[in-house]
Amino acid sequence: MSPVHYVALAVILFVIGGVGVLVRRNAIVVFMCIELMLNACNLAFVAFARLHANLDGQVIAFFVMVVAAAEVVVGLAILMAIYRARRSASVDDANLLKY
Amino acid sequence: MTTLTAVADGAAGSAAHALAATLTTVPATGALKLSWLLLAFPLFGAVVLLIGGRRTDRWGHLLGCAMPLAAFAYGVIAFFTLLGDTDRSQDQHLYTYILVGHFQANVNLLVDQLSICFVLLITGVGSMIIIYSVGYMAHDRGRRRFFGYMNLFLAAMLLLVLADNYLVLYVGWEGVGLASYLLIGFWQERNSAAVAAKKAFVVNRVGDAGLTVAIFLMFSAFGTVSFTGVFHQVPSGGSGVATALGFLLLLGACGKSAQVPLQSWLLDAMEGPTPVSALIHAATMVTAGVYLLVRSNPILAVSEDAQIGIAIVGTVTLLFGGIIAAAKDDIKKSLAGSTMSQIGYMTLGAGLGPEGYVFSIALLLAHGFYKAGLFLGAGSVIHGMNDEQDMRRYGALARALPVTYVTFGLAYLAIAGIPPFSGFFVKDPIIEGDFTEHGAGGWILGICALIGAGLTAFYMTRMMYMTWWGKRRWAQDAHPHESPPVMTWPMIVLAVGSVGAGGFLIINDRLQNFLAPVVGVPPVEHGFFTVAGGVALLLALAGIALGWAMYGRVPVPETAPHGSPLTVAARNELYGNTINESLVMRPGQWLTRLSVYFDNRGVDGLVNSLAALVGGTSGRWRRIQTGFVRSYALSMFFGAVIVVALLLAVRL
Amino acid sequence: MSGVLAAGGTNTDFVAEETIFWILAVASVGAALAMILVRRAVHCAIMLAVVMLCLATMYAMEGAPFLAFVQIIVYTGAVLMLFLFVLMLIGISNADSIVETIKGQRLAAGLAAIGLLVLLALTIGHAAIGPAPPQNAGNNVNNLTGIAQLIFTTYVFPFEVTGALLITAAVGAMVLAHRERETPRPNQRELAARRVASGRLAPDPSPGVYALHDAADRPALLPDGSTSELSVSSALSPRDPKQEPRFVPPEETLQITAESGEWEIAPSGGADQ
């Protein structure tokens, strides 16, 4: 089973996640799409670790997971704060930087 | 040593015709070493009076009279010194003005026969007129300023005639132009005076352009602008250069001497006070052009075409001025037309080669006396008649202003060419010279000059009848009175000159011999009573008779009658102003308006459109900032895609 | 399964791996597509959980058992649950509207996605990714020990930094979520006073107590036969007891809730979930 299949799958998942970030309006769903992208990267890392027969890729994937977790925590806390202030969780509503 | 290279025969022809005088100068010695005093006196007076301001008001006029008299005194000393010396072209070096590479122009004062004649004329007649102004301007608040400007003028004119190179001559040329502007517009509060001053300056400028280009040409052709340098090199320079120089110098002379086509400013210049008209626009400044031409005679000697051109200009002008003078009712404007005509004679003389230079200068000197006398007399009448200048309001003034009447009358006889007064002696040789020079064309010039002589007598007789004789046509409140002595004595002195100057200069060829080293010797000797002279005298008498018939026998109407088309044209100065306006002024205005239009639309449009472009583009582009996070995310995504593409492109 | 894989593959193992891979691949791609297409946020979370589980299985197949378990425990178990908690707090009843508010966003997103896909496919195609080396090569120790060795030797500095990051994240979350009380905490006396003032001393009747049907959105019947709106939670719309149930679209729910005046509704226009 060539790792290239895994990498291809990772690419597809990554692109799907990217489209989701651009298209969805609910902030939580956007976060979830970002998580999807990160997972796709993890998959690619693990596939390459297998390809090169060393564990560095897995260690990197591990760190990615940790960082993703931290990011989710902080991001959702921010989202909660915004929701409390503005009663809206749509990313389109934060458009004060409009021209 | 002055050297004189004489060519033997005086037959008509280009090179053989010219009896060229080459100018060689020696450094000044003896009393002539102080020749800078001639400039220093009036300049000092001008500086003190103009910078001193109101403080000098009380004694300003005295200083203003003293300085020209001092300059005249030195001029007399210099004249007699020069007579005694064998070297009569003496050059006094003052300082080096320009020294660049091979080009050098010094401020040197050239005292030779020609310049000493002018010095005596300028300072002598000038002193008389300035003394006269003490009385004429007695009630004017700006009298001190007037004397300052007059002294400034004298300094500039003296620099003009004493210069030994064309560049310093040009400095003096511009200086007299400036003084003329200041003096014509002396009564600044009058709009007409200010406009006339500006007009004089602008028309002069056209002529100055000619002189400027001539100096450029001299520098590029000969590498020098000093008289000696240029005159030594011009015979070898080729007739093309000499012709060009001749015509350019003629253009300069036209501007300064009010010859056709640059004559329009002279009649307007009568807006200035009468002493100004007498000094500047009769005796001295307007003769600067003639001085230029006579001084440049070695250049003219090489170019036959330039001489013909000068003669034609002079002839046209003498008829032009005469016709205008015969129709004008303002006494000063009529005298201005007369001045234009007489200078036309002088220019005509300058176009005749060595034949005419001497007589041109003789006419210039005599004219200085009698025209100044006429103008001062006119000023006396104006002063006595409460500033009335229209001759139709004069009449029968002979009893009321006797001294003025006598001096005016003597000057009248002089200008009309009646022997034994000045005009007869100095005008006839020029007319005679017309017929002997320039072949068949010369005959046409001569006939025109004869007609001009008759015309001169006619309009002067008209002036006499309208002013001094006949019935009185005064205004209600006019009580004409004679002028005070400070005004009459200068007139008397000038009248003496009017009577005797011509004979003095011409009899025994006195002036001719004196000026020979500078201007050459006429190839043919003249007697006094020649055929042409006789015809001229007859025409003058005819003119006087015609004047009597039109103005003496018939009472002069108080309002000007409609007159023939020629009269109407002459009253409009032969449409000289109209021609100037339509040929030059209106196109100039259109050009200005066009330029303004292009500047506003084109240049400003370009700049504004650039600004509008920037503004518009930024107005469009700012809409990219929608404020939506997802748009920003999209652009980031695209950026990432582009980066990957580039990395891939590098790798592939 | 991991043991099988770690011991090195035989042909059948390869076939097994391939089969499982294809099943999982299709499942995960389908779930991912569903995730970006469904309207309710909760459904998205469920789909993400599916994807994560598939990925965990793939990690296991690729000889990364430790990572597989970490994926399930940390990612699916903790992070995704965190998402669900926040969804609960923020509002699960709001569904995304289909209408796109930014012009051309979908088209541009589609183009960008296709572009990226093509580029990455080119990259992969161009890269020389050969077959995987045999499983035993380079693995003298088992997976966990190997990872531990790497973490605590080569990558010890990033490890420490990540620890600091986690602490910072936790503290940051606490700070962000903290709310100062503006009014003092109501004590029991105040709560009681409020209750009396509101006029509703007794607890609200439970729904459908005297009704024929046992549903949370059936109102209770009062003695005179009329329905009591208080018995139905205002998040639900009360139904006529004699009527058959009908599907209430979310917009109407929102409207009814707004009209009741008891709940504040966020301004509409893009805020709808």
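The values are calculated or read from the model by the stated rules, or taken from the named source; none is laboratory data. These figures come from a predicted structure and were not determined experimentally. With ideal geometry, Cβ positions are generated from the backbone for all residues, glycine too; neighbour counts draw on all protein chains shown.
Annotations for the structure displayed:
- When each of B:Phe435, B:Phe458 is tested for being within 20 Å of B:Ala540 (Cβ to Cβ), crowded, with 24+ Cβ neighbours inside 10 Å and touching a helix residue (DSSP H, G or I) at 6+ places or on another chain (Cβ under 9 Å), the lone residue that passes is B:Phe458.
- Test: residue in segment C:96-105 that is modelled with pLDDT under 90 and either part of a helix (DSSP H, G or I) or under 17 Å from A:Val66 (Cα atoms) (or both): yes
- Checking A:Leu43 against (1) in a helix (DSSP H, G or I); (2) at the interface with another protein chain (Cβ under 7 Å from one of its Cβ atoms); (3) of a type outside the set (Phe, Trp, Tyr); (4) more than 16 Å from the chain's Cα centre (by Cα), the condition it does not meet: (4)
- Qualifying residue in segment B:80-94 (condition: touching a helix residue (DSSP H, G or I) at 6+ places or on another chain (Cβ under 6 Å), closer than 23 Å to B:Ala283 by Cβ, free of Cβ contacts under 8 Å to residues at least 60 places away in the same chain and in a helix (DSSP H, G or I)): yes
- Residue match in segment C:52-61 (condition: on the phi > 0 side of the Ramachandran plot and either surrounded by fewer than 20 Cβ atoms within 10 Å (Cβ to Cβ) or not small (Gly, Ala, Ser) (or both)): no
- Subset of segment A:47-61 that is facing chain C (nearest Cβ under 7 Å) and of a type outside the set (A, V, I, L, M, F, W, C) - its residue that is surrounded by the most Cβ atoms within 10 Å (Cβ to Cβ): A:Gln58
- Hey, B:Gly639 surrounded by 10 or more Cβ atoms within 10 Å (Cβ to Cβ), more than 14 Å from chain A (Cβ to nearest Cβ) and not hydrophobic (A, V, I, L, M, F, W, C) or not: no
- Qualifying residue in segment B:144-153 (condition: under 22 Å from B:Gly52 (Cβ atoms), outside any strand (DSSP E or B), among the polar types (S, T, N, Q) and in contact with a Gly (Cβ under 7 Å, 6 or more places away or on another chain)): yes
- Some residue of segment A:66-88 being at the interface with chain C (Cβ under 7 Å from one of its Cβ atoms) and closer than 18 Å to C:Ala60 by Cα: no
- So A:Ala44, is it crowded, with 20+ Cβ neighbours inside 10 Å and small (Gly, Ala, Ser): yes
- Screening B:Val521 against (1) in a loop (DSSP other than H, G, I, E, B); (2) crowded, with 22+ Cβ neighbours inside 10 Å leaves a single unmet condition, (2).
- Scanning segment B:150-171 for residues that are free of Cβ contacts under 8 Å to residues at least 24 places away in the same chain and within 20 Å of B:Gly64 (Cβ to Cβ) yields one hit, B:Ala156.
- Taking first residues from segment B:611-626 that are at the interface with chain A (Cβ under 9 Å from one of its Cβ atoms) and in a helix (DSSP H, G or I) and partners that are of a type in the set (Gly, Ala, Ser) and surrounded by 10 or more Cβ atoms within 10 Å (Cβ to Cβ), the Cβ contacts under 9 Å between residues at least 6 apart in sequence or on separate chains come to B:Ile624/B:Ser631; B:Ile624/B:Ser635.
- Sole residue being among the hydrophobic types (A, V, I, L, M, F, W, C), in contact with a Lys or Arg (Cβ under 7 Å, 6 or more places away or on another chain), closer than 16 Å to B:Leu262 by Cα and touching a residue at least 24 places away in the same chain (Cβ under 8 Å), chosen from B:Ala288, B:Ala327: B:Ala288
- Extreme residue, nearest to B:Ser635 (Cα to Cα), among residues of segment A:7-30 that are modelled with pLDDT under 95 and more than 7 Å from chain C (Cβ to nearest Cβ): A:Val21
- Of all the residues in segment B:415-441, those that are assigned to a helix (DSSP H, G or I) and either within 26 Å of B:Gly384 (Cβ to Cβ) or touching a Phe, Trp or Tyr at 6+ places or on another chain (Cβ under 8 Å) (or both) number 13.
- Among the residues of this structure, B:Ile444 counts as one that is at pLDDT below 90, in a helix (DSSP H, G or I) and out of contact with any strand residue (DSSP E or B) (no Cβ under 7 Å at 6 or more places or on another chain).
- Among (1) in a loop (DSSP other than H, G, I, E, B); (2) free of Cβ contacts under 8 Å to residues at least 60 places away in the same chain; (3) not aliphatic (A, V, I, L, M) - the single one B:Tyr412 does not satisfy: (1)
- Hey, B:Ile451 of a type in the set (A, V, I, L, M, F, W, C), in contact with a helix residue (DSSP H, G or I) (Cβ under 9 Å, 6 or more places away or on another chain), modelled with pLDDT of 90 or more and within 15 Å of B:Leu319 (Cα to Cα) or not: yes
- Test result for A:Cys33, under 16 Å from the mean Cα position of the chain (by Cα) and surrounded by fewer than 19 Cβ atoms within 10 Å (Cβ to Cβ): no
- Among residues of segment C:81-95 being crowded, with 19+ Cβ neighbours inside 10 Å and modelled with pLDDT of 85 or more, the one that is nearest to A:Phe45 (Cα to Cα) is C:Phe83.
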